[in-house]
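*Asks:* Take a look at the following structure, please.
The values are calculated or read from the model by the stated rules, or taken from the named source; none is laboratory data. Source: prediction; values computed, not measured. Virtual Cβ from ideal backbone geometry, glycine too; neighbours counted across all protein chains shown.
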Amino acid sequence: MFYTVWAILNFGFDFWEQTKAHWPIGAAMALGSYVAGSTPMGGGTVGFPVLVLMFDLPASLGRNFGLAVQSIGMTSASIFILCRRTPIEVPMLLWSMVGGALGLVAGTFWVVPLLPDTNVKLAFACLWMSFGVLTIIKNREICGFNTKPAIPPVLSRNIGLIVGLTGGVATALTGVGIDMLLYTVLVLLFRTELKVAVPTSVMIMAALSMMGVALHWIIGDMDREVFYNWLAAAPVVILGAPMGAFFVSIIPRIRTLYFVSVLCIIQFVWTIYQVSPNADEWVFVTGHLIAASIGFVILYRMGKARASRQAGN
């Protein structure tokens with residue numbers, strides 16, 4: 001069905017030349033789609049820096065492309081996850097969707113207009129740098145979690161809404177973020193096994209991506225370049241993301257997470273090199289990294305204390 005529509009667009013509406021001209025993003029998204037399906041990182045985590053840093057396109061275009069391509073790839077991965085009956089944390093997922101919708105709208109209209117393009121690039125780099133460092137430090141412990149905890153309904157609602165609101169704003173800025181935040185809360189605070197946390201994060205990103213595409217379509221700021229890049233990448237990610245979700249059940253997840261953590265750190269260094277931050281921007285970067293580190297430490301300690309209390313009972 002998808003490939004029929006894709007073929008009609010290319011050969012019936014004469015977009016094939018544009019699709020061929022944008023082949024580099026399709027090649028890059030072969031990696032991006034694998035990352036999207038197998039880790040708590042959306043495909044936009046690869047697409048955003050490629051378009052914004054390598055091709056020097058606006059951050060808004062990188063964000064919109066990330067949302068568009070994830071709405072295909074991560075939705076495809078989500079269908080695969082549901083068909084395999086992979087366990088997910090449903091209540092937290094649903095409440096995060098509610099909060100995410102609110103955060104996405106608030107971020108789009110009230111936060112994005114306040115930040116210059118450079119700050120959006122730096123915010124993206126800081127978000128994934130903090131995730132990369134966290135994973136390198138705690139990867140073995142996190143990969144050792146083997147439970148799907150029973151989270152009280154009130155806690156699922158309250159924390160899900162907070163994660164959704166925060167992640168929705170992050171997604172409004174960069175096209176990704178809510179997936180990493182939900183994953184982080186599940187593994188650090190509730191010590192959820194990755195077989196549950198990662199599929200849940202994939203599904204929240206798929207939902208927010210579709211919401212984001214609809215929102216920006218209504219606003220009317222979906223650039224034609226987003227469409228051309230999407231044409232080149234979509235036939236790759238619709239298969240790559242579910243393949244990532246499948247292969248991660250064969251390849252040890254710990255290796256995949258170490259690999260993507262190194263990518264996160266490389267893109268941070270690359271961003272700093274490209275942007276050459278001034279003094280105010282260095283304050284912005286430092287503040288974000290410190291805030292993320294403090295937040296992760298607090299979640300980790302709360303999760304450890306919670307596990308100790310439950311073990312005592």
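*Asks:* Just one of Ser33, Ser60, Ser76 is of a type in the set (Ser, Thr, Tyr) and either surrounded by fewer than 23 Cβ atoms within 10 Å (Cβ to Cβ) or in contact with a Cys (Cβ under 7 Å, 6 or more places away or on another chain) (or both); which is it?
*Replies:* Of the residues listed, the single one that is of a type in the set (Ser, Thr, Tyr) and either surrounded by fewer than 23 Cβ atoms within 10 Å (Cβ to Cβ) or in contact with a Cys (Cβ under 7 Å, 6 or more places away or on another chain) (or both) is Ser60.
*Asks:* Of the residues in segment 172-219, how many are crowded, with 21+ Cβ neighbours inside 10 Å and not in a helix (DSSP H, G or I)?
*Replies:* Residues meeting the conditions: 6.
*Asks:* Identify the residue in segment 85-113 that is of a type in the set (S, T, N, Q) and under 28 Å from Gly62 (Cβ atoms) and, among all such residues, is nearest to the chain's Cα centre (by Cα).
*Replies:* Of all residues in segment 85-113, those of a type in the set (S, T, N, Q) come to 86, 96, 108.
Filter once more, so that each one left must be under 28 Å from Gly62 (Cβ atoms): 96, 108.
On the way: Ser96: 14, Thr108: 17 Å.
Residue satisfying both the conditions and the ranking: Ser96.
*Asks:* Conditions first: (1) crowded, with 21+ Cβ neighbours inside 10 Å; (2) closer than 18 Å to Cys264 by Cα. Val163 passes all but one, so which condition is the exception?
*Replies:* (2)
*Asks:* Next question. Hey, can you tell me all the residues within segment 80-90 that are crowded, with 16+ Cβ neighbours inside 10 Å and not in a loop (DSSP other than H, G, I, E, B)?
*Replies:* Of everything in segment 80-90, those that are crowded, with 16+ Cβ neighbours inside 10 Å and not in a loop (DSSP other than H, G, I, E, B) turn out to be Phe80, Ile81.
Results for (1) among the polar types (S, T, N, Q); (2) in contact (Cβ under 8 Å) with a residue 40 or more places away in the chain, shown as yes or no for each residue.
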{"residue": "Ser33", "(1), (2)": "yes, yes"}
{"residue": "Ala36", "(1), (2)": "no, yes"}
{"residue": "Gly44", "(1), (2)": "no, yes"}
{"residue": "Met54", "(1), (2)": "no, no"}
{"residue": "Leu67", "(1), (2)": "no, yes"}
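*Asks:* Could you tell me whether any residue of segment 115-136 is β-branched (Val, Ile, Thr), modelled with pLDDT of 95 or more and closer than 23 Å to Val196 by Cβ?
*Replies:* No, segment 115-136 contains no residue that is β-branched (Val, Ile, Thr), modelled with pLDDT of 95 or more and closer than 23 Å to Val196 by Cβ.
*Asks:* Within segment 91-122, can you find the residues that are free of Cβ contacts under 8 Å to residues at least 12 places away in the same chain and either buried (at least 16 other Cβ atoms within 10 Å of the Cβ) or not in a helix (DSSP H, G or I) (or both)?
*Replies:* Matches in segment 91-122: Pro116 only.
*Asks:* What do you reckon, is Ser38 farther than 23 Å from Thr271 by Cα and among the small types (Gly, Ala, Ser)? I'd like the intermediate steps shown before the answer.
*Replies:* Values: farther than 23 Å from Thr271 by Cα: yes; among the small types (Gly, Ala, Ser): yes.
When the stated conditions are applied, Ser38 passes them.
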